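Structure record follows, encoded as structure tokens.
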Amino acid sequence: MEKLNEMIIDFLSKSQNESFARVVVAAFASQLDPTLDEIADIKTAVSEAVTNSIIHGYEDSVGKIRIKAVLYEDGIEIWVQDWGKGIEDIELARQPLWTSKPELDRSGMGFTIMESFMDSLEVESKPGEGTIVKMYKRLKTKKS
Amino acid sequence: MEKLNEMIIDFLSKSQNESFARVVVAAFASQLDPTLDEIADIKTAVSEAVTNSIIHGYEDSVGKIRIKAVLYEDGIEIWVQDWGKGIEDIELARQPLWTSKPELDRSGMGFTIMESFMDSLEVESKPGEGTIVKMYKRLKTKKS
Amino acid sequence: IGEIRRYLRDNNPIRVSRSLRDVAYKALQIRDNLVNKNSREPSINEIAEEMEVPREEIVLALDAIQEPVSLFEPIYH
Ligand SMILES: Nc1ncnc2c1ncn2[C@@H]1O[C@H](COP(=O)(O)OP(=O)(O)O)[C@@H](O)[C@H]1O
Ligand SMILES: Nc1ncnc2c1ncn2[C@@H]1O[C@H](COP(=O)(O)OP(=O)(O)O)[C@@H](O)[C@H]1O
Ligand SMILES: [Mg+2]
Ligand SMILES: [Mg+2]
């Protein structure tokens, strides 16, 4: 399918950048004139992915997070990437309620939320190298 | 001075990305708690720089534009870069009312606007290689 | 009436552009209130706190009610 538009943003894994990142992706997605609900879904998924990079990927250090977004006729593709500690067992990490940080009061529902708010979710990760979360959200066009 | 935060964004020189770019920079700048007027100044300057890269740098082709923004205690540094056709005579280009595209109804006031809305403006450019516009905006901190 | 409303809701979901405008006008109204109260320009955080909306969202919303200036209609000529 034809790419309509494309952007890449790099920012630091500081907590104040979570709401920044969410608005950047929402602003970009708004070029497809989505509904409020659709944009809320996208913002929630981006928040979860970025929070994971900050809290799990880089833990107490500050590293780089990259978001790539591509607009297509029928939706938006979003990649959230970090070069942090990576995930040992991806299948386990994706289980609802599973968290490696119960002591921080994490719910273990991040991946489950991304999966249910978006139309697809892929996770690629290598311990010591980092993680990429690839999501796609279909957006209903206004033609009706 | 200490860098508080930093981001880099790459996007295409499509006209719909002008408002996207200025929102990204303004949202980032909002971490320094500016007033709405200060935000509007930043948006205006970013719009002018990005518009120049779209219209003059890349003319009818689509190329990459990069914005780098760094937050300091006392303000924001913004670089807008393109790899387009570059500027022959920078001093001339910066003159008020001077434009290379009068036929497009350009005002020739872009650099003048950037200069008056920001606290400093530097332009680096080489014909055939591209242009970087470096701007700084001091933001009053709100102690009280 | 209820049925019509439901029809409109189901067939005409609110577009983001519309809700951004609502947020923006609210933010401008709150700015005016704060100017009157404190006799100075409020900062974005002061507006955001009052509205209970993240400051970045307000920035985005305010942009949505701004006309694109430069690209389409040069202002000085
Ligand atoms: N970017 C990442 N880097 C390293 N580990 C991650 C990353 N994202 C997720 N994980 C791992 O996957 C687990 C599940 O993630 P998630 O479903 O978001 O739950 P939670 O964040 O509440 O723990 C995390 O506890 C963590 O161990
Ligand atoms: N990014 C750029 N790449 C190439 N040329 C540029 C660029 N930015 C500015 N210029 C040159 O500088 C001139 C003056 O720019 P400006 O003050 O913004 O006026 P205007 O855009 O209305 O022509 C332009 O007409 C153009 O020739
Ligand atoms: Mg999580
Ligand atoms: Mg110009």
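Points to keep in mind about this one:
- Qualifying residues in the stretch A:80-129 (those that are part of a strand (DSSP E or B) and acidic (Asp, Glu)) - the one nearest to residue A:59 (Cα to Cα): A:82
- Residue check, residue B:110 farther than 20 Å from residue B:9 by Cα, away from chain C (no Cβ under 14 Å) and within 8 Å of ligand 2 (Cβ to nearest atom): no
- Qualifying positions in the stretch A:64-92 - under 11 Å from residue A:11 (Cβ atoms) and open to solvent by 10 Å² or more (accessible area, probe 1.4 Å): A:64, A:66
- Taking the criterion of being not basic (Lys, Arg) and not in a strand (DSSP E or B), the residues of the stretch B:1-18 that qualify are B:1, B:2, B:13, B:15, B:16, B:17, B:18.
- Condition check for residue A:65: within 14 Å of another protein chain (Cβ to nearest Cβ), within 13 Å of ligand 3 (Cβ to nearest atom) and of a type in the set (A, V, I, L, M): no
- Only one entry of B:30, B:19 meets the criterion of being facing another protein chain (nearest Cβ under 7 Å), under 26 Å from residue B:93 (Cα atoms) and either acidic (Asp, Glu) or touching a helix residue (DSSP H, G or I) at 6+ places or on another chain (Cβ under 9 Å) (or both), and that entry is B:19.
- Index of the failed condition, residue A:21 passing every other in (1) assigned to a loop (DSSP other than H, G, I, E, B); (2) more than 21 Å from residue A:108 (Cα to Cα); (3) within 16 Å of ligand 3 (Cβ to nearest atom): (1)
- Answer from A:100, A:61, A:47 - the residue that is surrounded by 18 or more Cβ atoms within 10 Å (Cβ to Cβ) and hydroxyl-bearing (Ser, Thr, Tyr): A:47
- Scanning the stretch A:103-144 for residues that are among the small types (Gly, Ala, Ser), touching a strand residue (DSSP E or B) at 6+ places or on another chain (Cβ under 6 Å) and near ligand 1 (Cβ under 10 Å from one of its atoms) yields A:125, A:130.
- Any hit, the stretch A:126-133, residues being among the polar types (S, T, N, Q) and open to solvent by less than 70 Å² (accessible area, probe 1.4 Å): yes
- Where a residue in the stretch A:47-61 is closer than 18 Å to residue A:128 by Cβ and within 6 Å of ligand 1 (Cβ to nearest atom) and its partner, wherever it lies, is open to solvent by 40 Å² or more (accessible area, probe 1.4 Å) and small (Gly, Ala, Ser), with Cβ under 9 Å and at least six apart: A:56/A:100
- Of all residues in the stretch A:106-133, those being more than 10 Å from ligand 3 (Cβ to nearest atom) and among the β-branched types (Val, Ile, Thr) number 4.
The values are calculated or read from the model by the stated rules, or taken from the named source; none is laboratory data. It should be emphasised that the depicted structure is a prediction, and the values quoted were computed from it without experimental measurement. FYI the Cβ positions are ideal-geometry reconstructions off the backbone, even for glycines, and counts take in every protein chain you see. Areas reflect the complete protein model, heavy atoms only, side chains present, ligands, DNA and RNA absent. Shrake-Rupley method; radii C 1.70, N 1.55, O 1.52, S 1.80 Å.
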